[in-house]
Amino acid sequence: MIPAERQQFIRSALDSRGMVSIVDMAGQLGVSQMTVRRDMQALEKEGYATLVSGGAQRTGRIASELPQAEKRRLQYAEKVAIARKAISMIRPGAAIYFDAGTTCLAIAEAITARSELRDSVLVVSNDFTVVSHLMHNANCRLYHTGGEVLRANKSCVGEITANVISRLNLDVAFLSASSWDAEWISTPSEPKISVKLAAAKAARRSFLVADSTKFGRLGFFNIIKLQELDGIITDAGLPQAAQVQLSRSGVNLMIVQPTSAEAPINKEEIPLL
């Protein structure tokens, strides 16, 4: 098999799995691990893959993020399953930070369904929709960070936002991501960097909450290494090879299983600002 054929085989494996190992590819192709590594390096130069320890993962560079209205409709069951796991990390009376995003909104919705949480927690968020939902459906103490407004995502970013967060003592921070891989949370938006870093630093515990479709995407700016977080909550769609790689690297990986019984979003239930 010539190099072009081997590389096409590896491309197909990356498309279906998201991440592949050198050992596995060498066995399937019947070539040495060094040969596979060279093929993966060629794919990395093309921008198709990113080399990681023991293998490669699919590269999906993103230049921008979808507006919130579009993201609301995507991977709803996965977000609900992630939210169920996330609220197990929250104790009554806790001070919580919710990053901007529809996964964090799903956690806020889950909180309002729990009587022991909805009126006792203190919530800080840079997301107008999260704040609006809690304002209408809970009696918890509620703070919005302020800052530069991103209309499409109904949130605030930038140094003003980060400065407010950096003055707080938080119990838990839930961080969202439009792109993450085996090492980093990344973003295509520079003003979001300082906000996420400030939240992670201000909280005793910080968790990435992101569905598996975001894995393998690459934003231009790296933000936080996964090992610096207290855990990652994602769904069972994460490729098995990625699960093994993350667990071996010491990441506290929590996999949830979405169910088909989840009700669709009632758009009238949550007022959008």
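Read-outs: derived from the displayed coordinates by stated rules, not from any lab. These numbers were taken from a predicted model, which means no experiment stands behind them. All Cβ positions, even for glycine, are placed from backbone atoms using ideal geometry, and neighbour counts span all protein chains on display.
Just a few scattered comments:
- Take the Cα of VAL23, step 7 Å toward its Cβ, do the same at LEU51, and the gap between the two points is 1.9 nm.
- Taking every DSSP helix (H) stretch of at least 4 residues in the chain, weighting each as -39,500 (n - 2.57) and dividing the sum by the residue count yields a mean residue ellipticity at 222 nm of -11000 deg cm²/dmol.
- Cα centroid of segment 163-208 to Cα centroid of segment 90-123, whole Å: 17 Å
- Stretched out straight at 0.36 nm per residue, the stretch from VAL149 to GLU190 would grow longer than its current Cα-Cα span by 13.4 nm.
- Residue exposure sequence - LYS45, LYS225, LYS214, LYS196 - by fewest surrounding Cβ within 10 Å: LYS45, LYS225, LYS214, LYS196
- Eigenvalues of the alpha-carbon gyration tensor of segment 68-256, scaled by 5 and square-rooted, set the equivalent ellipsoid semi-axes at 23, 19, 16 angstrom, largest first.
- Ordered by the count of other Cβ atoms within 10 Å of each Cβ, fewest first, HIS136, HIS144 give HIS136, HIS144.
- Loop-located GluC sites (Glu not before Pro) in segment 1-51 whose Cβ has at most 13 other Cβ within 10 Å (DSSP): GLU46
- Using only alpha carbons, segment 3-58 has a radius of gyration to Kirkwood radius ratio (Rg to Rh) of 0.89.
- The string of couplings for segment 239-256 from the Karplus curve (6.51, -1.76, 1.60, θ = phi - 60°) is x, 4, 4, 5, 4, 5, 4, 5, 5, 5, 7, x, 6, 7, 9, 10, 9, 10 Hz, one whole number per residue in order, with x for Gly and Pro.
- Sorted by Cβ density within 10 Å, fewest first, the residues THR50, THR102: THR50, THR102
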